[in-house]
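Engineer: Can you keep this structure in mind? I'll have questions shortly.
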Amino acid sequence: MANNIQAIRGMHDVLPEQTPLWQYAEQVIREVLGAYGYSEIRLPIVEKTELFKRSIGEVTDIVEKEMYTFEDRNGDSLTLRPEGTAGCLRACLEHGLLNGQVHRLWYYGPMYRHERPQKGRYRQFIQLGVETYGMAGPDIDAELIVLMDRLWKRLAIRDKVKLQLNSLGTVAERQVYRERLVAYFQDHAAQLDEDSQRRLLTNPLRILDTKNPAMAELVANAPALMDYLGADSLQHFQSITALLDDLGIGYEINQRLVRGLDYYGKTVFEWVTDELGSQGTVCAGGRYDGLIEQLGGKANHAVGFAMGIERLLALMETVGDYPLAKPVDVFMIRVGETAEKVGLRFAEQLRDALPALKLQVNCGGGSFKSQFKKADKSHADFALILGDDEAAQGVIGCKSLRIEAPQQTLSLEQAIAFLGEHFQNRAV
Ligand code: ATP
Ligand code: MG
């Protein structure tokens, strides 16, 4: 079978045995976002290439080498979204959502980057994006952090992630800093690796983000951006840390945290873990007021974050103890011609009465023994059993597949009452 077509490298299937963990995380994410009054926005996966070039910046890793860009049949250059911030803002500007309004939005879905696939780094990956508009902060900056803190707690991984915080100041402050930084690195040009030499000319702040251990000392001794911040930026930053202190949320100030994207200003943060090897950033974000004008809008405020769901799930797998939903609660066994007919009717009546019950009916026949095997394999809690005798009397057998208990014979009404009672307190 050497010719079987396989998935694209770095793009993964999520198989049925894995989906309950995804669904659990997704449900908790929705609940937490709901608890803060955030609304979902749904966006296209493909946008004009120009949008990403203009927003993310030409000299970032993403635009330089990671985008899936292609010409469509009209000859337009399109790109599979590498991130969601640009598209979300594009949509809000396009529909006039930012005219004097405040928004708290989220989206969830696949992003595409042509990176070297490895653990925690894929070519198609899922992000939760959260974006807020129209709020100057620092309270909204802090709200996003508190929201994430709540999410970690709800997912039982709070002790596995740490918050790193920094301020990038304003464009003008960064410009002065940038010159000093370039001068510093030029003085030590011999110690720069190839990537950093390139970045020195294009995006020198990114050198601070290097993962090359040989450059760690050079970077540690570089001028610190914090020393170049003006009063307003410093005040904004200090207000956030004061709010976090007040709420008891710990953080570490990391002056080398600059983020890969060009559009951030003032607040930047990352939630990192050391349980996932080198791909340790689970969630990253910050303030990006400047992007709105860059995309043609009126001066406004924006702050948001993006979370890598595969990395989140990898962390959750280290915990492993979640109340995951099962696909089947009850498995119906039908043996005999009448039983098959009556069983289908019973099943529909059960579904009418108990819409949340997950009832799987055996299809394709088979002996009692083989159908019981399938019932067991389905991980159902109960088997409903229907032979021609039961069918003729209008009753149904009900047997627990979890505990040793005698089989009961129930009328349909009794079965509805019994199963309704049993599954009332089901896990999510
Ligand atoms: P990194 O430094 O790991 O490349 P980044 O700065 O490119 O991250 P962002 O663009 O900020 O990442 O994306 C936010 C989050 O999305 C990351 O913190 C990470 O959890 C996740 N993420 C980014 N790229 C990938 C990828 N290729 N595969 C899986 N998750 C990813
Ligand atoms: Mg990256």
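Engineer: Taking the alpha-carbon distance from LYS53 and a cut-off under 29 Å, which lysines remain once sequence neighbours fewer than 8 residues away in the same chain are dropped?
Structural biologist: Of all the lysines, those that pass the test against LYS53 - Cα under 29 Å, at least 8 places apart if same chain - are LYS65, LYS119, LYS211, LYS266, LYS298.
Engineer: Something else: For labels at ALA220 and ARG402 in the simple 7 Å Cα→Cβ model, what's the distance in nm?
Structural biologist: Roughly 5.4 nm, to one decimal.
Engineer: Between GLN294 and ASN4, what is 0.36 nm times their sequence separation minus the Cα-Cα distance? Round to one decimal in nm. Kindly include the intermediate steps, with their values, before the conclusion.
Structural biologist: On the way: separation 290, 0.36 × 290 = 104.40 nm, distance 4.63 nm.
Working it through step by step, the gained length comes to 99.8 nm.
Engineer: Quick check: residue separation of ASN99 and LYS153 times 0.36 nm, minus the Cα distance between them. What number comes out in nm? Please list the in-between numbers first.
Structural biologist: Working: separation 54, 0.36 × 54 = 19.44 nm, distance 3.54 nm.
Additional length available on full extension: 15.9 nm.
Engineer: With the crude spin-label approximation of a point 7 Å out along Cα→Cβ, what separation in nm comes out for SER370 versus ARG178?
Structural biologist: 7.1
Engineer: State whether region 192-263 is rounded, prolate or oblate according to the following rule on the C-alpha gyration tensor (a ≥ b ≥ c being the square roots of its eigenvalues): a/c under 1.5 gives rounded; otherwise a/b larger than b/c gives prolate, and the remaining case gives oblate.
Structural biologist: Numbers: a/c = 2.57, a/b = 1.97, b/c = 1.30.
Prolate, since a/c reaches 1.5 and a/b exceeds b/c.
Engineer: Please tell me the relative contact order of region 280-346 in percent, rounded to the nearest whole number, where contacts are Cα pairs under 8 Å and at least six residues apart.
Structural biologist: Numbers: 46 pairs, mean separation 16.3, N = 67.
Dividing the mean separation by the residue count of region 280-346 yields 24 percent.
Engineer: Shape of region 195-318 from its Cα gyration tensor (a ≥ b ≥ c, root eigenvalues): rounded if a/c is under 1.5, otherwise prolate when a/b > b/c, or oblate? Don't skip to the answer; put the middle values down first.
Structural biologist: Working: a/c = 1.33, a/b = 1.08, b/c = 1.23.
Rounded, since a/c falls under 1.5.
Engineer: Now, a different point. Given a Förster distance of 45 angstrom, what is the FRET efficiency for LEU201 paired with GLU17, based on the Cβ-Cβ distance and rounded to 0.05? Don't skip to the answer; put the middle values down first.
Structural biologist: Working: r = 49 Å, r/R0 = 1.09.
Calculated transfer efficiency: 0.35.
Engineer: Mind pulling the per residue volume of the convex hull built on the Cα atoms of region 22-118? Å³ is fine.
Structural biologist: Details: hull volume 13.2 nm³, N = 97.
Hull volume over Cα atoms, normalised by residue count, gives 137 Å³.
Engineer: What nm distance separates the two modelled labels at ASP193 and GLN349, each placed 7 Å from Cα along Cα→Cβ?
Structural biologist: The answer from the label model is 7.0 nm.
Engineer: Which of these, ALA392, ALA91, ALA136, has the largest mean-square fluctuation under a Gaussian network model of the chain (Cα springs below 10 Å)?
Structural biologist: Among ALA392, ALA91, ALA136, the largest mean-square fluctuation in the Gaussian network model of the chain belongs to ALA392.
Engineer: Can you work out the FRET efficiency for the pair SER77 and LEU43, with r the C-beta to C-beta distance and R0 = 22 Å, to the nearest 0.05?
Structural biologist: On the way: r = 19 Å, r/R0 = 0.85.
After rounding to 0.05, the efficiency reads 0.75.
Engineer: Which residue, CYS88, CYS398, CYS283, has the most motion in a Gaussian network model of the chain that connects Cα atoms within less than 10 Å?
Structural biologist: The residue with the greatest mean-square fluctuation here is CYS398.
Engineer: Post the alpha-carbon centroid distance, region 18-89 to region 285-309, in whole angstrom.
Structural biologist: 14
Engineer: Next question, about the same structure. Relative contact order for the chain: what percent, with Cα pairs under 8 Å and sequence separation of 6 or more?
Structural biologist: Details: 697 pairs, mean separation 63.6, N = 428.
Relative CO of the chain lands at 15 percent.
Engineer: Sticking with this one: Quick one: Cα convex hull volume of the chain, Å³ per residue? Mind showing how you got there, number by number?
Structural biologist: On the way: hull volume 89.9 nm³, N = 428.
For the chain, the hull spanned by Cα atoms encloses 210 Å³ per residue.
Engineer: Taking other Cβ within 10 Å of each residue's Cβ, how do TRP22, TRP106, TRP271 sort, fewest first?
Structural biologist: Placing the least packed residue first, the sequence is TRP22, TRP106, TRP271.
Engineer: Determine the alpha carbon to alpha carbon distance for each of LYS358/LYS399; LYS373/LYS399; LYS326/LYS374; LYS160/LYS326; LYS377/LYS399 and list only those over 18 Å.
Structural biologist: Working: LYS358/LYS399 16 Å; LYS373/LYS399 13 Å; LYS326/LYS374 15 Å; LYS160/LYS326 27 Å; LYS377/LYS399 15 Å.
Violating the 18 Å Cα-Cα cut-off are LYS160/LYS326.
Engineer: Using Cα positions and a limit of under 20 Å, work out the aspartates and glutamates in reach of LYS48, with same-chain residues fewer than 8 apart set aside.
Structural biologist: Within the straight-line cut-off, LYS48 pairs with GLU58, ASP61, GLU64, GLU66, GLU71, ASP72, ASP76, GLU83, GLU94, ASP262, GLU293.
Engineer: Would you mind telling me which residue in GLN279, GLN127, GLN360 has the biggest mean-square fluctuation in a Gaussian network model of the chain, where springs connect alpha carbons within a distance under 10 angstrom?
Structural biologist: Evaluated over the chain, the most mobile residue of the options is GLN360.
Engineer: Taking the Cα centre of region 330-422 as origin, work out the dipole magnitude from +1 charges on Lys and Arg Cβ and -1 charges on Asp and Glu Cβ, in debye rounded to 20.
Structural biologist: Details: 11 positive and 12 negative charges, 82 e Å.
Once rounded to the nearest 20, the dipole reads 400 debye.
Each reported figure results from applying straightforward, stated rules to the coordinates on display, with no laboratory input. The shown structure was predicted, so the numbers you read here are calculated from the model rather than taken from an experiment. So basically every Cβ, Gly included, is an ideal-geometry build from the backbone, and we count neighbours across all protein chains shown.
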